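Novice: Supplied in structure tokens, the structure appears directly below.
The values are calculated or read from the model by the stated rules, or taken from the named source; none is laboratory data. None of these values were measured; they are calculated from a predicted model. Neighbour counts run over all protein chains shown; Cβ positions are idealised from the backbone, glycine included.
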Amino acid sequence: MAKLIQKSVKPTYNDKKESLILELIEVMESLGFSVRIEKGGFKGGFCLLHEKKIFLMNKNLEQDRKINILVKQIAESGTDDIYLKPNIRELIDKETGNEKLL
């Protein structure tokens, strides 16, 4: 019996998520990171190169995964000294467990 070969479903592109990714990248840059989005066999993360803070992100990751990686790194870096938009602050607070209960 022949097997059916299914085409892989291409992830949908969401403009709101893409603008959130760009805002998160701006936050990373305000924390002193140089953000580079490139192809490769990695997910993303922080590294030091000649004492320069660099954050690498895989270009081929889905938007949700990019957002998760950026939020985790921002939360680990600390954001007490900088202004964040309320929607970004909410994501960071959820990641760090500092959610305010109403």
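Novice: For segment 83-93, enumerate the residues that are in contact (Cβ under 8 Å) with a residue 12 or more places away in the chain and of a type outside the set (Val, Ile, Thr).
Specialist: If the condition is that a residue be in contact (Cβ under 8 Å) with a residue 12 or more places away in the chain and of a type outside the set (Val, Ile, Thr), then LEU84, LYS85, ASN87, LEU91 are the ones that fit.
Novice: Looking at segment 43-74, which of the residues that are polar (S, T, N, Q), buried (at least 16 other Cβ atoms within 10 Å of the Cβ) and in contact (Cβ under 8 Å) with a residue 12 or more places away in the chain is nearest to THR96 (Cα to Cα)?
Specialist: Kept after step one, since they are polar (S, T, N, Q), are these residues of segment 43-74: 58, 60, 63, 68, 73.
Restricting the remaining residues to those that are buried (at least 16 other Cβ atoms within 10 Å of the Cβ) gives 58, 63, 68, 73.
Checking which are in contact (Cβ under 8 Å) with a residue 12 or more places away in the chain leaves us with 58, 63, 73.
Working: ASN58: 24, GLN63: 21, GLN73: 11 Å.
Filtering first and then ranking leaves GLN73.
Novice: Here's something else I'd like to know. Mind listing whichever residues of segment 40-71 are at pLDDT 85 or above, farther than 16 Å from LYS17 by Cβ and charged (D, E, K, R)?
Specialist: LYS52, LYS53
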